[in-house]
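Worksheet: the structure to be examined is printed underneath.
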Amino acid sequence: MTFKNSKLMRFLFVFLAASTLFWTGCQKDDDNPPTDEPELITTVILHFTAPDGGTSSFKFSDIDGAGGNPPVAQDITLSANTAYQLNIDFQDESNANDVKDITTEVKEEAEAHLVCFAASGVLDIPVTLDTDANGAPLGLETELTTGQAGNATLTVVLKHEPDKGAANACNTGETDVQAEFGVRVQ
Amino acid sequence: MKKRLLLNWQWLLLFALGAPALTAQTRCGLTLQGKVVDAHSQEPVAFANVAIQGSSIGAIADENGLYFIDNICAGTYTIVCSHVNCDHVVHNIILTEDTRKDFILESHGIFMEEILVRGKAEPLKAAGASSTLEAAQLGSGRGLSLGDAIEQLPGVTVLNTGATIAKPVIQGLHSNRVLLLNNGVRQEGQQWGNEHAPAIDPFLADRVTVIKGAGSVRYGADAIGGVILIEPRPLREKPGMGGEINLQGLSNGRTGLASGMLEGALKGKWPISGRLQGTVKRGGNLRTPNYFLDNTGVEELNFSWALGLKKERWNTELFFSRFYTRLGIFSGSHIGNLTDLANAIERERPLQDGAFTYELGRPQQRIYHELFKWKGELETGELGSLQLQLARQFNRRQEFDSHRPYGNLPDNFDEPQIEFEITTHTAELAWQHHPIHLLRGSIGAHFMQQANTTDRGALIPNYENYTAGFFWIERWKNFPFPLEVEGGLRYDYQWMDVGLQGRDTINRQLAFRNLSGTIGAIYRFPKLLELRFNFGTAWRAPNVNELFSDGVHHGAASFETGDPDLQPERAYNSSLSFDFDDKDKLSATLSLFYNVIDNFIFLEPQAEPVLTIRGAFPAFGYAQSDARLMGLDWQLAYEAMPGLRLESQASLLRAWNRSREEPLSLMPPDQFEHALRYSFGEDENKAPYLRLAMINVLEQTRAPAETDYAPPPPGHTRFKLEGGAQFRLGKQPLEVSLAVFNLFNTSYRQYLNRFRYFADETGRNVSLHLRVPFGLVPRSS
């Protein structure tokens, strides 16, 4: 079979030549306009409800994302010796005309999320009330009981894919949000 | 004209000497003619000598291999056909009438070599330090990655991001400071990032040459660290078909790999050659000695084809390659902010031990690279040869963070957070002139147009980049005079138009231009020693990421900011190499280098962290300093007794920031490899062999203080065992090779692995590789 294969070879060459057209032809760019990081959470809002039904909200936001202007936090003012119901909202306000609610999504993927708290000064950390489908804590709904008057800080951390079974679950997973508020209890 | 004269002369001779025979024979005036061809290529053998033994009757074939002897009388003759480059052939013939007789000559060594040299335009040995690996030497490392395969060269180390991404580092420099040439075309992609591995199929590489230092005026000014030439197999010239199949299995990650190649060449007036090649790879989670690394699987699907046509005066080639990989990034490495990083380092091992799976989750990278090139070469006769090469490359990079973007399902279920697309067109024209006295050289021009579009993410901006470069290289050689001198000059101009970054318009135009040059000499002492010296100066314009980076690098928990006012780097590189070879027992190469780089661009930690809604990130800014890198590489082989070879090699480096008076960060620690190789037979390249290597990496004690999250890991020693054999199964030749990486399952971490904060390196990995070459023409050599 020195060269009876030339038909086969010719076929091969035609095939190759055709594949040139195919592979260079189908390679088109999808012209998406460039966007900022789409997973952006720009805003954390803490809603406090007092036993008498009075509500107040405080916001931590970084509208332009990482870099640029640093985040801005509103100072929280609370009354002493009061048990507040604390609800947390996450939003994407990067586009003022189209504010997106991220809280629903965190709720839908409750197993993969955990809201953790850290407090200093006169404040104790809130007690988590809600749970995910597995009965593990979630942290979007909590109760915060204030004691004596004074100054404090409250840090809210949203963890993604934490190991909720771990001894210190808040040290695991990826931090999506870490917002520190100044608190004045009076 | 010459031929005719010759024949006439022969004819006269024949007449004169044949005269006595004339009277004795009954029938005279017969002719004998035919063609002389080469047994392998079937090509005509020009100017072969065809003679009748015992007489002086004969003829010399013309350039088409045709010979003609006339006026012979009938009788029995012994005809000898011979050629200086071939074994002669003897035929007995009984001549009764006009006869055709073709001769097939078996060409021997010298002739074959000549063909090779002519066909490949073998590059001259560089004056700077360089080393080459052939396909067989690339060996089992190809199953890991291209970077791992070439790490075995002295002076070459790798920069890893986890176990799945490996970038070659030459004498401490990498990324944009090292140029990759894929089949003669500058590889253009997003090679700037530490976690951006070369997008080239390791099985496409038949030969890899590493040129160290800033000596390469030919390939581009910006290669101040060196050049890696990756060459596929040359196209087949011998008519027929052939190919090979490579199958490899690796125990770690239960990785399977198949690579096939089919090649063919037509004979006749249009000797077209073609080659089709492809590789499929799949691997699952890798394992360290103590735990699995979650989400470290890999998938690769590559193919390439080439078509070529080679004529006497010109040749042309089309080449296409496509590379696609999906690879998992170790999930334990993806962290939110500095606190998460501190937690991860403190844990000392990943939170979850993981399990084996082929499933690829997030974080993930998907990388696509295609190259289409055309090359034409024309012999311009008296002047030399002219070469034109046009190429288009397209590179798409997608990075998927550990969780999908927030937003409405299912639109964004499979959406990356970062997506870049780079399209590059290059044109290169080179003219290689015929030797003028003792000077050989070439002059050429290189043009490039490149556009980057960022579809997602705002880490780097959209830009367009135009470059033009001109080079001129000459080499003086007066064989057998022992000195050889080479010099080259290059001028480059680069213009960059930077547009949108995220939602911001940058709208900046930048231009850079400068000269680079090299001068080198090779001096051969009789027989044993060769000395090579090279001095080169080169420059590199700051890359777009160094100018405009703006964002969080998730794997590293760092916020990186570019500086649009950066100046180009300028390198002055001197190297001195000694090649010793006693052609018997000892061969050794020692390379010393001293590399001064002004305006060396590096990431500098900033005093204030960047505050974001995700917490604090340490800030890094691109800065410039004067740097110095010096060191030495050696490679040594000693035949202690027949079959047993001792091998040793080392890569030593000292890198210093001259402005800050402190060591440069992320520089490879000193590394040694000592090996024992035993071959069970005479022929070292074919006999079965076993090789045991000890790889010894020292701790990097020269790192800048307090700029790293964790101190450099301690040094370690690991072992590698390799073995191979070639045999035949019936008529089918087979090659089997076995390799065990990290033989004793040692736990260790590498300073140049960005994931050293999170996990150990991979454990023992047993690789079995089977190579099956085949030919569809029975007479294969």
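Each value in this text was obtained by applying a stated rule to the coordinates, not by laboratory testing. Predicted model only: the values in this text are computed from it and were never measured. Glycine also receives a Cβ, built like all others from the backbone with ideal geometry; neighbour counts cover every protein chain displayed.
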Check: For residue B:699, what charge total do you get from the other residues with a beta carbon under 14 Å from its beta carbon, if Lys and Arg give +1 and Asp and Glu give -1?
Finding: +1
Check: Using 1/(1 + (r/R0)^6) with R0 = 30 angstrom and r between the beta carbons of residue B:572 and residue B:447, what's the FRET efficiency to the nearest 0.05?
Finding: 0.65
Item checked: Span from the the range B:703-779 Cα centroid across to the the range B:333-367 one, whole angstrom -> 23 Å
Next item on the list: Please find the FRET efficiency linking residue B:90 to residue B:70, where r is the Cβ-Cβ separation and R0 is fixed at 22 Å, and quote it to the nearest 0.05.
Entry: 0.55
Item checked: Within chain B: Cβ-based charge dipole about Cα centre, in debye rounded to nearest 20 (Lys, Arg +1; Asp, Glu -1) -> 1760 debye
Check: Separation between the residue B:345 and residue B:437 pseudo-spin-labels, each 7 Å from Cα along Cα→Cβ, expressed in nm?
Finding: 6.3 nm
Check: Which value results for Rg/Rh of the range B:124-227 when Rg is the Cα radius of gyration and Rh the Kirkwood radius based on the inverse mean 1/r?
Finding: 0.92
Note to self: Set the bar at 19 Å for Cα to Cα. Now go through B:267/B:311; B:35/B:269; B:686/B:720; B:35/B:101; B:477/B:585; B:686/B:731 and name every pair that lies beyond it.
What the structure shows: B:686/B:720; B:477/B:585
Checklist line | Inter-probe distance in nm under a simple model that places probes 7 Å from Cα toward Cβ, at residue B:505 and residue B:357 | finding: 4.7 nm
Check: Looking only at other chains, what is the average number of their beta-carbon atoms within 10 angstrom of each beta-carbon in B:607-617?
Finding: 6
Next item on the list: Using only atoms on other chains, find how many Cβ atoms lie within 10 Å of each Cβ of peptide B:331-340 and report the average.
Entry: 4
Margin query: Counting only Cα atoms, I'd like the Rg/Rh figure for the range B:603-738, Kirkwood definition for Rh.
Written below: 1.21
Notebook entry, point to check: Relative to the present Cα-Cα distance, how much length would full extension add between residue B:136 and residue B:690 at 0.36 nm per residue of separation?
Noted result: 198.0 nm
Next item on the list: Report the net charge of residues surrounding residue B:566, where surrounding means a beta-carbon distance below 13 angstrom and charges are Lys +1, Arg +1, Asp -1, Glu -1.
Entry: -3
Item checked: Residues of the range A:87-118 with amide N under 20 Å of a point placed 7 Å along Cα→Cβ from residue A:47 -> A:87-94, A:98-110, A:114-117
Note to self: At a 10 angstrom cut-off on C-beta neighbours, averaged per residue, how do the peptides B:342-354, A:172-184, B:649-661 rank from highest to lowest?
What the structure shows: A:172-184, B:649-661, B:342-354
Check: Can you put B:340, B:584 in order, fewest other beta carbons within 10 Å first?
Finding: B:584, B:340
Next item on the list: Note the direction-averaged projected area, equal to a quarter of the hull surface, for the Cα convex hull of the range A:37-186, in nm².
Entry: 9.3 nm²
Check: Considering only DSSP beta bridges whose two residues both sit in the protein assembly as shown, what percent are antiparallel, to the nearest 5?
Finding: 95 percent
Checklist line | Linear extension gain, residue B:658 paired with residue B:474, 0.36 nm per residue minus alpha-carbon span | finding: 62.8 nm
Item checked: Cα centroid separation - the range B:188-245 against the range B:669-690, whole Å -> 25 Å
Checklist line | Bins of 10 Å, starting at 0 and running to the largest distance - Cα pair percent for the protein assembly as shown | finding: 2, 10, 17, 21, 18, 12, 8, 5, 3, 2, 1, 1, 0, 0, 0
Next item on the list: Could you calculate the contour length gain from residue B:245 to residue B:766, that is, 0.36 nm times the residue separation minus the distance between their Cα atoms, to one decimal place in nm?
Entry: 185.6 nm
Check: How high is the FRET efficiency between residue A:74 and residue B:280 when r is their beta carbon distance and R₀ equals 56 Å, given to the nearest 0.05?
Finding: 0.50
Checklist line | Average silhouette area of the range A:120-186, convex hull of alpha-carbon atoms, in square nanometres | finding: 4.9 nm²
Margin query: Sort B:224-233, B:619-628 by the packing proxy (mean of other Cβ within 10 Å over each peptide's residues), most packed first.
Written below: B:224-233, B:619-628
Item checked: Sequence-distant residues sharing a close amide H with residue B:66 (under 5 Å, placed H) -> B:36
Notebook entry, point to check: Across peptide A:166-178, how many C-beta atoms of other chains are within 10 Å of each residue C-beta, on average?
Noted result: 6
Margin query: Eigenvalues of the Cα gyration tensor times 5, then square-rooted: what semi-axes does that give for chain B, in whole angstrom, largest first?
Written below: 56, 29, 26
Notebook entry, point to check: Going by average Cβ neighbours within 10 Å, how do the peptides B:631-641, B:301-311 rank, with the highest at the top?
Noted result: B:301-311, B:631-641
Check: Label points 7 Å out from Cα along the Cβ direction at residue B:513 and residue B:313: separation in nm?
Finding: 3.8 nm
Next item on the list: Return a whole-number percent for the relative contact order of chain B, with Cα pairs under 8 Å and 6 or more residues apart as the contact set.
Entry: 9 percent
Checklist line | Net dipole in debye of the protein assembly as shown [+1 Lys, Arg Cβ; -1 Asp, Glu Cβ; about Cα centre; nearest 20] | finding: 5400 debye
Notebook entry, point to check: Is the range A:69-127 best put as rounded, prolate or oblate by its Cα gyration tensor, with a ≥ b ≥ c the root eigenvalues, rounded for a/c under 1.5, and otherwise prolate when a/b is larger than b/c, oblate when not?
Noted result: oblate
